2 protein chains.
Amino acid sequence: MPAFERHIFVCHNLRPEGAPRPSCTADGRSDLHAELQQKAKAAGLGNRVRINKSGCLDQCEHGPMVVVYPDGVWYGNVRPEDATAIVNEHLVGGCPVERLRVAEDCLNTKICPHRS
Amino acid sequence: MPAFERHIFVCHNLRPEGAPRPSCTADGRSDLHAELQQKAKAAGLGNRVRINKSGCLDQCEHGPMVVVYPDGVWYGNVRPEDATAIVNEHLVGGCPVERLRVAEDCLNTKICPHRS
């Protein structure tokens, strides 16, 4: 049994200006992380889930990135305003938010059409 | 199917001096993260696993902390010299390193005997 029902990692990577791959945060900060934390707390999830910041999740072309474990569900292009759907539909309801999921073919590959 | 066979998060939290809970890194750096990366690469795991840095995993009294997903296996008091066992026994062999696991009763609780 894991310590948390679900463990969510929000990429906080910030690359130097002009880097060939994009950054998940514009300035090393993320309203998305704070929104997810607040919405999860408000939904009564308390310490049943944990919302963590992480280093680069290596899916940069699809960022801002979020991954939910133990489900192994990857969300891409996630905005702070998506936090409510992730918390209510996935963390509370148990159903991943399909519109935010990154296609399997685009995960963990160097030949994704989104990578130049 | 997750993007990685296994996804490992190594806590890199650094608290201010005198903070009531301990830090997983003494100076914000971690030889453990580098060792895990090097050993995983040497074992031929390449992009089948990812070794990430993370923010505070909230199991500070048992740090330095590592969590392995999707297994949900939590390791505590992990030293750089433990990287070989984690990679060879768990990531390659599929068997968690029992001597490094944090007891279930000590995870995600405020009344653990290790917390003052």
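B:F4 falls short on exactly one of the conditions (1) assigned to a helix (DSSP H, G or I); (2) in contact with a Lys or Arg (Cβ under 7 Å, 6 or more places away or on another chain); (3) within 20 Å of B:G94 (Cβ to Cβ), and that condition is (1). Is there a residue being over 11 Å from the mean Cα position of the chain (by Cα), under 27 Å from A:T109 (Cβ atoms) and part of a helix (DSSP H, G or I) anywhere in segment A:28-43? Within segment A:28-43 (the criterion being over 11 Å from the mean Cα position of the chain (by Cα), under 27 Å from A:T109 (Cβ atoms) and part of a helix (DSSP H, G or I)), the answer is no, since none of the residues qualifies. On inspection, A:C60 qualifies as closer than 19 Å to A:R115 by Cβ, in contact with a Lys or Arg (Cβ under 7 Å, 6 or more places away or on another chain) and modelled with pLDDT under 90.
Taking into account only those residues within segment A:68-94 that are of a type in the set (D, E) and more than 14 Å from chain B (Cβ to nearest Cβ), which is most open to solvent (accessible area, probe 1.4 Å)? Quick ask: steps written out before the conclusion?
Applying the first criterion (of a type in the set (D, E)) to segment A:68-94 yields A:71, A:81-82, A:89.
Okay, now just the ones that are also more than 14 Å from chain B (Cβ to nearest Cβ), so A:81-82, A:89.
Details: A:E81: 139, A:D82: 15, A:E89: 90 Å².
Taking the candidates together, the pick is A:E81.
State whether the residues of segment A:6-18 include one that is open to solvent by 40 Å² or more (accessible area, probe 1.4 Å), under 24 Å from A:V87 (Cβ atoms) and away from chain B (no Cβ under 14 Å). No: zero hits. Of all residues in segment B:42-67, those satisfying the criterion of being surrounded by fewer than 22 Cβ atoms within 10 Å (Cβ to Cβ) and small (G, A, S) are B:A42, B:A43, B:G44, B:G46, B:G55, B:G63.
Which of the residues that make up segment B:29-54 are in contact with a Leu (Cβ under 8 Å, 6 or more places away or on another chain) and within 12 Å of chain A (Cβ to nearest Cβ)? Give the steps one after another, and end with the answer.
So the first thing to find is which residues in segment B:29-54 are in contact with a Leu (Cβ under 8 Å, 6 or more places away or on another chain), and the list is B:40, B:43, B:45, B:49-52.
Of everything in segment B:29-54, those that are in contact with a Leu (Cβ under 8 Å, 6 or more places away or on another chain) and within 12 Å of chain A (Cβ to nearest Cβ) turn out to be B:V49, B:R50, B:I51, B:N52.
The values are calculated or read from the model by the stated rules, or taken from the named source; none is laboratory data. All values derive from a computational prediction rather than experimental measurement. Using ideal geometry, Cβ is built from the backbone for each residue, glycine included, and neighbour counts are taken over all protein chains shown. When the accessible area is computed, the model is the full protein with side chains, heavy atoms only, and any ligands, DNA or RNA have been set aside. Shrake-Rupley method; radii C 1.70, N 1.55, O 1.52, S 1.80 Å.
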